[in-house]
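Comments concern the structure below.
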Amino acid sequence: MAKGRDFDALQKRRMRAANLLRRGLSQSRVAHQLGVSRQSVSRWAGRLEAHGQAGLRKAARAGRPARFEPAQRAALMASLKAGALAAGYGTDVWTLKRVGRLLREQTGIRYSESRVWHVLSRLGFSCQRPVGRALERDEAAIEHWQRSRWPRLKKTPKQAGEP
């Protein structure tokens, strides 16, 4: 989850500053009481004078608006959890390119691979590397080979006095 500002609390602080300014307190005193800089109070006083209390209301959401909706996010999560095989790929490994293609198919939005990585991080996914082992691997046969055959093939250190 991304960190964010408490916009409601910030607005309450600005409104409190407006009330203090209207009661005749100096900008310096208001800044001290609210624990903010005098520059902030000066800026708020200017907005209050020019636009009234409406000028101090909270701003719209900071930053670029989200490009896909919560329902689309849920569908993406479901597709990712179902696996790449379920999405029609030959292996069950999600790559940035594959996830980018999935995003484009589901939302119509084209993302660069670096942005796909950012989206995945925000959804709680992390980089995972597949274990490089064959599916046909026979653990019992490998263990038997390591105990019986490998010691005969392995070089042993020379004993003291050997040429």
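Just so you know, all these numbers are worked out from the coordinates, no wet-lab data involved. None of these values were measured; they are calculated from a predicted model. Heads up, the Cβs are rebuilt from the backbone with ideal geometry, glycines too, and the neighbour counts pull from every protein chain shown.
Restricting the calculation to Cα atoms, the range 70-122 shows an Rg/Rh of 0.92 when the hydrodynamic-style radius is the Kirkwood one. Of the GluC sites (Glu not before Pro) found in the range 54-163, the ones in coil according to DSSP and having at most 14 other Cβ atoms within 10 Å of their Cβ are Glu136. Sites listed here are trypsin sites (Lys or Arg not before Pro) in the range 17-123 whose DSSP assignment is loop and whose Cβ has at most 16 other Cβ atoms within 10 Å: Arg23, Arg57, Lys58, Arg61, Arg67, Arg110.
Kirkwood radius for the range 19-103, taken over all pairs of different Cα atoms as the inverse mean of 1/r, rounds to 17.5 Å. Calculation over all alpha carbon pairs of the range 15-163 in 5 angstrom steps from 0 returns a P(r) of 2, 7, 11, 10, 7, 5, 5, 7, 9, 9, 7, 6, 4, 2, 3, 3, 3, 2, 1, 0, 0 percent.
So how tilted is helix 139-148 from the main axis of the chain? Cα-based, degrees 0 to 90, rounded to 10. For helix 139-148, the angle is close to 50 degrees.
Per-residue 3J(HN,Hα) values for the range 28-41, derived from phi via the Karplus relation 6.51 cos²θ - 1.76 cosθ + 1.60 with θ = phi - 60°, read 5, 5, 4, 4, 5, 5, 8, x, 10, 6, 5, 4, 5, 5 Hz in sequence order (x marks Gly and Pro).
The calculated 222 nm mean residue ellipticity attributable to helices in the chain amounts to -16000 deg cm²/dmol, summing -39500 (n - 2.57) over DSSP H runs of n ≥ 4 and dividing by all residues. With neighbour counts taken as other beta-carbon atoms within 10 Å, the residues Val119, Val30, Val36, Val41 rank, fewest first, as Val36, Val119, Val30, Val41. Annotation note: chymotrypsin sites (Phe, Trp or Tyr not before Pro) in the range 68-163 located in DSSP loop regions with a Cβ neighbour count of at most 16 within 10 Å are Phe68, Tyr89, Phe125.
Separation of the range 92-149 and the range 70-90, taken as the distance between their Cα centroids, equals 13 angstrom.
Averaging over all projection directions, the Cα-based convex hull of the range 7-56 occupies 3.0 nm² in the image plane.
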